[in-house]
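The values are calculated or read from the model by the stated rules, or taken from the named source; none is laboratory data. It should be emphasised that the depicted structure is a prediction, and the values quoted were computed from it without experimental measurement. When we count neighbours, we look across all protein chains shown, and the Cβ atoms used for this are built from the backbone with ideal geometry, even at glycine. The area values use the complete protein model at the heavy-atom level, side chains included, leaving out ligands, DNA and RNA. Shrake-Rupley method; radii C 1.70, N 1.55, O 1.52, S 1.80 Å.
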Amino acid sequence: MKKRLSIASALLALALTGGIVYKVTASQTEEASTAASLTGSSTTNIANSAATSTAGEYDDEDKTTTYDESTATTITLADGSSAVDGEGAEVSEDTVTITKGGTYVLSGTLTNGQIVVNNTDSDTVRIVLDGVEITNETTAALSVLQAEKTILTTAENTDNQIAATAESFPETDEAQAAIYSEDDLTLNGTGTLTVQATAGHGIQSKNDLKVTSGTYTIDSGNEGMKGKDSVQILDGDFTIQAANDGIQATNAEEADKGYIILDGGTYTIDSETDGVQAETYLIANNPMMDIATNSSGTVDSASSYKGLKASGDVTIYGGTYTIDSVDDSVHSNSNVTVAGGTLNLTTEDDGIHADSTTTISDGEVNVLNSYEGIEGANVVFSGGNVTVVATDDGVNAAGGSTTNETTEAGGPNQFGADSFQEGSSGEYSITIEGGTIQVDAEGDGLDSNGDISMTGGQMTVYGPVSGGNGALDYDGTFDVSGGTLYTLGSAEMAQSASDTSTQPSIQIWLDSELQAGEVATVTDSQGSVIGVVTAAKAFSNFIFSDPAIQTGETYTVDFSSGTSTTVTVDSTVISVDSSGAAVEANQGMMGGGGPGGGMGGRQ
């Protein structure tokens, strides 16, 4: 079993790496507030178009857990002597078959039997589990062959167990789960249900799988919960251990199916492969999730071990997520939008990855450990609080070298190259409009294969310490017109903002490397403090930009170890050495090295 960085230790490490005291102007506060109200315009699916408290479709009978005992059929289970009191069900040896719509209350035990639903009318079948133990040694213990809808309700204060203990299922058998349904299946109740499948899925529906309440423990030899057309969960308490995915929706043929909606619920998922995997899109409104993947510790590079994953959009409106994944913690082959919630992500690959656009507009995102922190062809910050710790790039817009080879900064990445989609303009970009973002990277802090744009928010980049990477790395331009920017990194590959910026920035090439814990204080000519930052790691190049910096004014940067640099701002990009003498900006990228820096030259 491999060792992983625990969430608690990662949070403690993050707290000890240094902090920032920001000056926040009223205009910046307004910008952040406005940005935080956005819900992610990049999301394309109509179901994702607006944040709602409930995105799934649940009718009254899906949510109802009560029933009329006077009209219900009672079924008492017993090996070789099961009995039916009422209409709509029949017994043949240890198989009970329900043939009509209605309510059926089950109690008792079958050590090797089966409940079958084969209802040809349009009425719903409700099965109330009132203290049952049903085991089948060869196939599904509960199998719905035909029904418009089946509702499985756990009775109040009851414990129920359903198990399929076969070591394998026949390939010709459609029922590959302990609980299997050919049609729509809903689970609810006020009791508990334990599902065990030695070889197959825990719960499987070939149409929609919905849960509105109840407590569930699922131990499966394949997927824990699987709905072909959709999985929609309003509420419930879930403990899932799965040999493959924890929760999965699989319909890839129809664009309006194959989705997962998590409106609520509490989840503990320990899966070998993906925690939650949707073939089309995934919406998370307000779940509480604790996900760990790759429980065996043995990685197959051809498999996927992600936390939350979708081929379409992943949209998070709220909830809490603690994800410890070997592969990406949050992944979309399209767009990822975080518009609320709290995410604590620990991964050996990417914290958040989108092939197209990653947008964070609100919430709290903590990438506690990662190979690359947040990435997409385009990355947009418009609100929220974000912290990133990465062994390679902190924020990556299609840049970097995510390959199987060992990199200078981050070591090997075992899952191969990431894929990205170009935007409509054919460009890659990082856009900072709002929010508070802190990046601690061993590779590039912000890496864009196109442009970087900053109009608001607060961005602080710690690192890298070694050469070959820079706090800023962009191929196009970095235009700054608002917001507060600090970078504290190495000098060898250092870049600054572009001279097309409208807000001035100050870049200082230090004579010697300063250490973690160093405090940099920026004051104006009147002695008023306009910015303070504490270094989380060693640095030899410092950049500061803020709306308070005005052309024609003089500013002083005092470092707590004794260095003091005074500059007069006469252009939008000021680049000086420790003494305040002008040097060429961005020279770390042009060969020749900066003062106190390395050899320079782009790699």
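Given a 1.4 Å probe, how much area per residue of the range 416-550 is accessible, in Å²? Could you put the intermediate results ahead of the total?
Working: 3850 Å² over 135 residues.
Per residue, the range 416-550 has an accessible area of 28 Å².
Hey, for a label at T66 modelled as a point 7 Å past Cα toward Cβ, could you say which residues of the range 118-162 have their backbone N under 14 Å away?
Of the residues in the range 118-162, 156 have backbone N under 14 Å from the label point off T66.
How high is the relative contact order of the range 470-545, given as a whole-number percent (alpha carbon pairs under 8 Å, six or more residues apart)?
39 percent.
Which FRET efficiency value, to the nearest 0.05, is calculated for V519 and T190 with the Förster distance at 51 angstrom and r the Cβ-Cβ distance?
0.35
Hey, what's the range 243-298 come to in accessible area per residue, 1.4 Å probe, Å²?
Solvent-accessible surface per residue comes out at 30 Å².
Rounded to a whole number, what % of the accessible area of the range 101-240 do carbon and sulfur atoms account for, probe 1.4 Å?
37 percent
When you count, for each residue, the other Cβ atoms within 10 Å and take the mean per peptide, how do 350-357, 163-170, 448-455 rank with the highest first?
Listed from highest to lowest mean packing, they are 350-357, 448-455, 163-170.
Could you sort 291-298, 335-342, 150-157, 512-519 so that the peptide with the highest average Cβ count within 10 Å comes first and the rest follow in order?
Ranking, from highest mean packing down: 335-342, 150-157, 291-298, 512-519.
Quick check: pseudo-label points 7 Å beyond the Cα along Cα→Cβ at S53 and N157, how many nm apart are they?
3.0 nm
Under the 0.36 nm per residue contour assumption, what length would be gained going from the current alpha-carbon distance of T502 and E584 to full extension?
On the way: separation 82, 0.36 × 82 = 29.52 nm, distance 1.89 nm.
So the extension gain works out to 27.6 nm.
Where the centre of each part is set by its Cα atoms, how far does the range 161-211 sit from the range 462-531, in angstrom?
Centre-to-centre distance over Cα atoms comes out at 56 Å.
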